[in-house]
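Trainee: Below is the structure I would like to discuss, written out as structure tokens.
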């Protein structure tokens, strides 16, 4: 199962690539994430940022400062590894490793749970990260990927159902 899940996340990362990215794109994606989260009454924080600056940030009712902190750490994981934070955790688990010290991702600044997803620019690579925090790991991840798929006008790439 973890291998199937990793393969699905890799496919999401391959397919969810933007043709352009700027402040307006970040605002559109962030606003769509907020609307999608509001529709399900998700108590989340949502952030879109690069290593140099924050493009979008919001919290919804029920989100706590802890959600914002987890979001920061998820975004850091994406920007360090250029992979979704969920994939990082699954790959470490599969190899019998942990984020610190094995992967060099100290717990105070990184986390390997779902909700961090790379914003990849076609022809350039990872330029920013989406970080969603407040729901269970897989749901945070799926909120980010479903919104990116909708923004791109493509079908959502589902994750395999747990056994």
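All of the numbers you see were taken from the coordinates with simple rules; none came from a lab. Please read all numbers here as calculations on a predicted model, not as lab measurements. FYI the Cβ positions are ideal-geometry reconstructions off the backbone, even for glycines, and counts take in every protein chain you see.
Trainee: Give or take rounding to whole Å, what are the principal axis extents of the alpha carbon atoms in segment 2-152, in descending order?
Mentor: Taking max minus min along each principal axis of the Cα atoms, segment 2-152 gives 39, 37, 30 Å.
Trainee: Moving on. Quick one: 151, 113, 141, fewest Cβ neighbours within 10 Å first, how do they rank? Show your work: numbers first, answer last.
Mentor: Working: 151 15, 113 19, 141 26.
Placing the least packed residue first, the sequence is 151, 113, 141.
Trainee: Still on this structure, I have one more. Which order do 49, 94 fall in if you start with the one that has the fewest other Cβ atoms within 10 Å? Before the final figure, lay out the partial values.
Mentor: Working: 49 22, 94 12.
Ordered from fewest to most neighbouring Cβ atoms within 10 Å, 49, 94 come out as 94, 49.
Trainee: For 83, 10, what's the fewest-to-most ordering of other Cβ within 10 Å of each Cβ? Before the final figure, lay out each step's value.
Mentor: Working: 83 22, 10 14.
Arranged by neighbour count, lowest to highest, 83, 10 become 10, 83.
Trainee: Need the full-extension length gain, residue 102 to residue 7, defined as separation in residues times 0.36 nm minus the C-alpha distance. One decimal, nm.
Mentor: Numbers: separation 95, 0.36 × 95 = 34.20 nm, distance 2.24 nm.
This chain segment gains 32.0 nm when fully extended.
Trainee: Put a dot 7 Å past each Cα toward the Cβ at residue 151 and residue 54; how far apart are the dots in nm?
Mentor: Going by the 7 Å Cα→Cβ label model, 1.7 nm.
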